[in-house]
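Report on the following structure.
The values are calculated or read from the model by the stated rules, or taken from the named source; none is laboratory data. Just so it is clear, the structure is predicted and the values come from calculations on it, not from any experiment. Ideal geometry is used to build each Cβ from the backbone, glycine not excepted, and the neighbour counts take in all protein chains shown. SASA here: full protein model, heavy atoms, side chains in, ligands and nucleic acids out. Shrake-Rupley method; radii C 1.70, N 1.55, O 1.52, S 1.80 Å.
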Amino acid sequence: MTEDKVPQPEAGGPAPERVPPGQKVTESFPVLHYGEIPYYNDMGKWSLRLFGLVDEELTLSYKQFLALPRREFRNDIHCVTTWSRLDNVWEGVAVATLMERIKLKPEAQYVMLHAEHGWSTNLPLADFLRDTTFLGIRHNGVLLSPEHGYPVRAVVPHLYFWKSAKWLRGIEFMEKDKPGFWERNGYHMYGDPFKEERYDFD
Ligand SMILES: Nc1nc2c(c(=O)[nH]1)N[C@H]1C(S)=C(S)[C@@H](COP(=O)(O)O)O[C@H]1N2
Ligand SMILES: [Mo]
């Protein structure tokens, strides 16, 4: 094999295998969503509800959520609209930390993430439970802005970024898979960026 056939990283640039097929790296942080950005003036009204196939539902107030231990996460994010943003640094609550506070029923196999205004997205439980999935509150040192999901967004970096629900308000544990908002509108049920699972037409 001659050298020009081997993918070469640019000097100091990302290794090619970090960027999924059909994606372009951007340094900006585009804002994408359906519907209105929620603005909160009373965090006393905010809560995060864990429900569905659990022994006992758990509802966390914002104060209780902020009292959970948090840590740093580093990842690359890949949006289905073809931009990827590498080397993001986040602060958030690991899914394992949340799961210590509830007991799942054995039938639970899928998760629906519920956001403000009824928006939702689905994923398998095993993907939600990965140690790379978390609930983020800061990105690159700054508190999430309203457009990026303040106060809390899910981050599921190994799937296309539409699975990373902004303005998260509920986590539902389910037996069977069900499509969320974009999945009902033609997006793939799973969404692996390295397999280009973008859309699910027909
Ligand atoms: N609540 C909610 N979360 C959402 C969306 C949305 O419409 N509503 N859009 C998703 C999509 S399609 C993308 S690409 C990312 C964009 O996140 P960003 O605006 O922080 O880049 O949010 C995801 N999370
Ligand atoms: Mo997206």
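With respect to (1) within 16 Å of ligand 1 (Cβ to nearest atom); (2) touching a helix residue (DSSP H, G or I) at 6+ places or on another chain (Cβ under 9 Å), the lone exception for ASN88 is condition (2). Of all residues in segment 24-67, those that are outside any loop (DSSP other than H, G, I, E, B), under 24 Å from PHE181 (Cβ atoms) and open to solvent by 80 Å² or more (accessible area, probe 1.4 Å) total 2. Checking each residue in segment 74-103 for being among the aromatic types (Phe, Trp, Tyr) and surrounded by 19 or more Cβ atoms within 10 Å (Cβ to Cβ) picks out only TRP90.
Yes/no per residue for (1) free of Cβ contacts under 8 Å to residues at least 40 places away in the same chain; (2) among the charged types (D, E, K, R); (3) more than 15 Å from ligand 1 (Cβ to nearest atom):
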residue: LEU113; (1), (2), (3): no, no, no
residue: GLU116; (1), (2), (3): no, yes, no
residue: LEU123; (1), (2), (3): no, no, no
residue: ARG130; (1), (2), (3): yes, yes, yes
residue: GLY141; (1), (2), (3): no, no, yes
residue: SER145; (1), (2), (3): yes, no, no
residue: ALA154; (1), (2), (3): no, no, no
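Being within 19 Å of ILE37 (Cβ to Cβ), of a type in the set (S, T, N, Q) and in contact with a strand residue (DSSP E or B) (Cβ under 6 Å, 6 or more places away or on another chain), is that true of even one residue in segment 159-169? Among the residues of segment 159-169, at least one is within 19 Å of ILE37 (Cβ to Cβ), of a type in the set (S, T, N, Q) and in contact with a strand residue (DSSP E or B) (Cβ under 6 Å, 6 or more places away or on another chain), which makes the answer yes.
Filtering segment 62-95 to residues that are in contact with a Gly (Cβ under 9 Å, 6 or more places away or on another chain) and under 22 Å from MET189 (Cβ atoms) leaves VAL80, THR82. Applying the condition of being assigned to a helix (DSSP H, G or I) and under 11 Å from the mean Cα position of the chain (by Cα) to segment 104-130 and asking which residue is surrounded by the most Cβ atoms within 10 Å (Cβ to Cβ) yields PHE128.
Among the residues making up segment 131-149, those that are touching a strand residue (DSSP E or B) at 6+ places or on another chain (Cβ under 8 Å) and open to solvent by less than 50 Å² (accessible area, probe 1.4 Å) are THR133, PHE134, LEU135, GLY136, ILE137, HIS139, LEU144, HIS148, GLY149. Sub-7 Å Cβ pairs linking a first residue in segment 170-196 that is open to solvent by 70 Å² or more (accessible area, probe 1.4 Å) to a second residue that is of a type in the set (Ser, Thr, Tyr), at least 6 apart or interchain, are LYS176/TYR110, ordered by first then second residue.
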